[in-house]
Amino acid sequence: MPQVQSLRTSAYLFALSQEIEKKLQRALALPSQRRNLLQELFADIALKVDDRARDIILSREDLISPSEDGTEGPLCFYYVLADYFVCEPENGNPIIDLIVQLWSQSFVSHIFSLLFHKWLFEVQLDNSEVLLRYSSALVQGATNVFWIDIQTNTRHFQSLFWYLLEEVALVPERLKKIPLQAQRDLFLLISRFIFFYSLADKLESFLKQFPDFPTAFFVGGPADIFVIELTDQLQKLKVEPVLLHYLSQIKNLQGLELRMMTSTRLKTCLYSFTSPGGPMYPTRVVRHAAWDALDFLFPVGQYPRHLISLFFRLLYPWYWPSSCWNFMMSCIQAILYSIFSVIFSVWEKLIKPKKS
């Protein structure tokens, strides 16, 4: 029976690969419909595996090792197919040939990174130019799909990120399969999204594996490069829940040894989120989160910072009504909380003797 299930799984995945190949051929033959066809293909392979397909796919345990415990994200078709093309690389070769012909089109790098991120590190490629092209496409495509997660505040492509971090960046033997420039680009990519996917516990190990950068003499070591990429990422974020998540995760930077210039850059970035208005236009909850992160990472000088911020707030009278209102509401909430706390403690004292 297991053998029958295995054959059924192989047939199903082979059929999926054939459908991918057909859609790429149509995209190549129909320039006017190319973008829509490639976008549809990307959406199809990014879908979460439905129950019917799961019953077929999971019957072959040696093919994939899915994880939905929050570490690798939901099981999607791209994750299954990426494993399939490692096990059956000859079935992926026609698809790669078509992708190369469509290289400059929208969504092609997305598709390549999803389907062949494992294949690139498992299959031996001797041509250095081809390897550089593939690895560059991987980083570009991964960047695009991770930004889709950020803009929708989802973790749909967490499996891809987890693989690039755990199975590539932290495994020197596998990392060295791609050119040095691609290694650097990959580490910069991971630096920008590691907090988004809540993998800050891997930060210490990640920094130890950083490749050499030609600008290290001027910029600093791995920690400095990481923080520079992180601050650049923070300034690009527009989705409030994502920004709040980053600001909560950024507290994991405590203890890192940074150059003065890098430390000032981080401090300036956080400070830009503490004031209303341009250039960041943060909401009130973002401003408070930024203050918390700033005070946590840079406790020295926090009171002068708050006084200076208050002084500048006084220079903008149009913010006074909202500030007064928020202050009053905070006071009322604090008073109510104190009253309820007293009532609850008195009630506990009154009810305890009756129980005894």
What span do the alpha-carbon atoms of segment 107-219 cover on each of the three principal axes, reported in whole Å from largest to smallest?
-> 38, 35, 23
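Quote to one decimal, in nm, the extra length available between residue 58 and residue 15 on full extension: 0.36 nm per residue of separation minus the C-alpha distance between them. Walk me through the numbers before you get to the answer.
Working: separation 43, 0.36 × 43 = 15.48 nm, distance 1.61 nm.
Between residue 58 and residue 15, full extension yields an extra 13.9 nm.
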Average projection area in nm² (convex hull over Cα atoms of the chain, one quarter of hull surface) | 27.7
Principal-axis tilt of helix 77-87 within the chain, Cα atoms, nearest 10 degrees | 50
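Which percent of the Cα-Cα distances in segment 1-174 go past 27 Å? Provide the component values of the computation, followed by the final result.
Working: 3505 of 15051 pairs.
Tail fraction, whole percent: 23.
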Relative frequency of Cα-Cα separations exceeding 13 Å in segment 222-292, percent | 63
Each label point is 7 Å from the Cα along the Cα-to-Cβ direction; what then is the distance between the points at residue 219 and residue 238, in nm?
-> 2.6
Ranked by Cβ crowding within 10 angstrom, fewest neighbours first, how are 347, 147, 119, 162 ordered?
-> 347, 147, 162, 119
Karplus couplings for segment 102-108 from phi (6.51 cos²θ - 1.76 cosθ + 1.60, θ = phi - 60°), rounded to Hz, Gly and Pro as x?
-> 9, 3, 8, 7, 4, 6, 6
Given the options 40, 229, 21, state which has the largest fluctuation in a GNM of the chain using a 10 Å cut-off (strictly under) for Cα springs.
-> 40
Taking placed amide H atoms and a strict 5 Å upper bound, the residues 5 or more places from residue 76 or on another chain that come that close are 49
With the label point 7 Å along the Cα-to-beta-carbon line of residue 151 and a cut-off under 20 Å to each amide N, the hits in segment 206-249 are 232-246
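Read-outs: derived from the displayed coordinates by stated rules, not from any lab. Please read these numbers as outputs of a predicted model, since none were measured by experiment. Ideal geometry is used to build each Cβ from the backbone, glycine not excepted, and the neighbour counts take in all protein chains shown.
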